[in-house]
Structure formats: structure tokens, C-alpha cells
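The values are calculated or read from the model by the stated rules, or taken from the named source; none is laboratory data. Computed from a prediction, not measured in an experiment: that's the story for all the values here. So basically every Cβ, Gly included, is an ideal-geometry build from the backbone, and we count neighbours across all protein chains shown. Quick note on the areas: whole protein, heavy atoms, side chains included, nothing else; ligands and nucleic acids left out. Shrake-Rupley method; radii C 1.70, N 1.55, O 1.52, S 1.80 Å.
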Amino acid sequence: MTGEGIPDEMVDARVEKIRKDAEDGGYILNPDPAFVRALVAGICINEQRYGYAACPCRLASGNRGEDLDIICPCDYRDSDLNDYGACYCALYVSAGVAAGTIQAPCVPERRPARQERKKMSEGSAHVSRKESMPVWRCRVCGYLCARENPPLVCPICKASQDRFVRFM
Amino acid sequence: MQMEHVKGRRRGEIILYALSTCGWCAKTKNLLGELGVEYSYTYVDRLSPAEMEDAIREVEKYNPSGSFPTLVIDGSRVIVGFREAEIREALK
Ligand code: SF4
């Protein structure tokens with residue numbers, strides 16, 4: 001049982017689900033199983049506490065609408081994987097970090113601070129500008145995605161990031 | 001605000017703002033334990049709503065992004081995140 005009464009089996013099942021989803025999508029979990037388990041226990045606790053699987057390393061508000069960006073996997077995961085080789089919590093890591101050739105870095109918080117988020121939710125123009133993203137095409141399977149950078153691994157055919165070309 | 005005190009070697013007023021669910025907060029707390037320093041900590045996610053708001057404001061004062069872990073030494077030196085080398089250096 002975790003400190004907040006989540007049964008061990010529930011955490012184990014969640015770890016397996018997250019691991020399977022990660023592998024299916026070409027993502028890699030942190031190579032330290034105890035670290036992964038503790039984070040996943042945190043996700044289970046948050047789900048019980050708030051009703052949604054908020055990021056264990058961020059303080060959730062309890063209002064799902066305000067926290068959509070930090071429901072795990074969060075909006076910032078792939079950008080942090082791209083720039084630092086790990087998500088903010090380091091639940092997800094790059095191949096280099098997983099292999100131990102690169103040390104998991106201390107990822108700075110990319111989520112805007114509380115005051116900025118408040119301003120952003122008041123002025124929706126700001127938000128729509130953020131949503132115009134380049135489109136990337138996987139040259140191997142044709143998968144298209146609109147995001148800052150192509151994924152480290154194509155979620156469809158598992159081709160590496162350098163096999164993507166800018167499409168739009 | 002509710003703070004837990006951990007006894008140890010006195011290296012100034014050390015306060016750790018943490019989340020009970022966060023992996024880097026746990027690593028920071030373990031490191032403070034290993035260094036054997038005296039410190040206070042609070043799990044902000046476990047505070048009552050009023051205390052939580054006070055704690056968030058305090059964290060934001062030292063660390064405008066309001067992220068965790070935030071470690072404050074003597075009300076002046078602030079270390080955000082599990083920056084192991086920096087924490088060891090500051091508390092040696
Ligand atoms: S930082 Fe990692 S663990 Fe936290 S919500 Fe994002 S993907 Fe999940």
C-alpha cells in the first residue's frame with residue numbers, strides 16, 4: 001500500500017499499462033524500476049485525490065479544466081524529451097538516458113507559472129497562436145504530426161526522429 | 001504552516017518545499033538526510049487549502065515558476081529542482 005491507501009497491485013497494474021503504452025508508442029520509461037514505481041504510485045494517488053491522473057511532480061489544482069496540460073502524459077513530455085532527454089519527472093526518457101550513456105538531467109519547468117496561465121486563459125488569442133505548429137512527415141510510413149519537433153521515434157513504424165521531414 | 005523538522009547538523013535555516021508524490025522531491029529529501037543537516041520540510045500537496053495557498057505564495061516568492069522541489073537556505077539561497085552537486089556544495 002502507498003501512504004494514501006492505494007493497493008500495491010493497483011500500482012503494479014498501472015506500471016504495466018504505462019510501460020505497454022510507452023513501448024507501443026515508441027517511448028521508453030526510466031531504467032530505474034523503483035523510481036518509476038514511485039512516480040506511478042504518485043499518479044495513482046493524484047487520480048484518487050483529484051479525479052484525474054495529474055503529473056506527480058506538479059501541484060494539481062483539483063480543477064481538471066485548469067490542469068488538462070499536466071494530465072500524464074503531459075503536453076510538455078515530448079518537447080522535454082526532445083530538448084533534455086527526459087520528461088519533467090523523468091518517467092519517460094530518451095534512448096541515451098535509458099542506456100545510461102547520458103545522465104538524466106534536471107529538466108526546468110516548462111509549464112507557464114500560475115499567473116501566466118491565468119493571463120493565457122483570459123486572452124484566448126495567445127493560445128491559438130501557440131497552436132500553429134509545423135507538420136512533420138515520417139518518410140518511412142507517411143505518418144503526419146503537427147508539433148514543434150518530430151517524435152524521437154515514429155509511434156507507427158518506430159523509425160527514428162531523423163527519418164522525418166518537414167511537410168508543411 | 002505545518003512543517004516537519006528533521007534534526008541534524010546545523011547549516012543555517014534550511015526549508016524544503018516538496019510534493020509527497022514527486023520523485024525529485026524524494027531524492028532531494030534523501031540527499032538532505034544523507035548530508036545529515038537540520039532542516040524543515042512541508043508536503044505542499046497535503047496541506048489544507050488555506051495553508052496550501054500560503055505555501056504556494058511563499059514558493060513563488062523564491063521561485064517564480066512555483067515548481068517543486070524548492071530548497072531555501074537562510075531565506076536567500078534558492079535551489080530549484082534536484083541539483084545534486086549544487087545542494088552538496090551549498091551544504092558541505
Ligand atoms: S512530466 Fe512526465 S510523469 Fe509528469 S505528467 Fe509529464 S509525462 Fe507524465
Residue that is nearest to the ligand (Cβ to nearest atom), among those in region A:90-108 that are within 10 Å of residue A:30 (Cα to Cα) and within 11 Å of chain B (Cβ to nearest Cβ): A:91
Any hit, region B:58-75, residues being open to solvent by 40 Å² or more (accessible area, probe 1.4 Å) and more than 24 Å from residue A:112 (Cα to Cα): yes
Hits in region A:42-71 - residues which are under 18 Å from residue A:21 (Cβ atoms) and near the ligand (Cβ under 9 Å from one of its atoms): A:42, A:43, A:53, A:54, A:55, A:56, A:70, A:71
Which listed residue is within 17 Å of residue B:26 (Cα to Cα) and at pLDDT 95 or above, from A:33, A:73: A:33
Residue list for region A:72-89, restricted to those being open to solvent by 20 Å² or more (accessible area, probe 1.4 Å) and within 7 Å of the ligand (Cβ to nearest atom): A:72, A:73, A:74, A:76, A:77
Close pairs (6 angstrom Cβ cut-off, 6 or more residues apart or separate chains): aromatic (Phe, Trp, Tyr) in region A:30-50, within 13 Å of the ligand (Cβ to nearest atom) anywhere: A:35/B:23; A:50/A:60
Single match in A:56, A:151, A:134 (criterion: in contact (Cβ under 8 Å) with a residue 24 or more places away in the chain, surrounded by fewer than 16 Cβ atoms within 10 Å (Cβ to Cβ) and of a type outside the set (A, V, I, L, M, F, W, C)): A:134
Residue check, residue A:42 touching a Ser or Thr at 6+ places or on another chain (Cβ under 9 Å), modelled with pLDDT under 95 and either crowded, with 17+ Cβ neighbours inside 10 Å or not assigned by TED's automatic domain parsing to the domain that holds residue A:97 (or both): no
Scan of region B:32-46 for residues that are within 13 Å of another protein chain (Cβ to nearest Cβ) and surrounded by fewer than 17 Cβ atoms within 10 Å (Cβ to Cβ), ordered by number: B:46
Any strands (runs of 3 or more DSSP E) falling wholly within chain B and containing at least 1 residues that are of a type in the set (Lys, Arg): B:77-80
Complete set of residues in region A:19-44 that are of a type in the set (Phe, Trp, Tyr) and more than 12 Å from residue B:22 (Cα to Cα): A:27
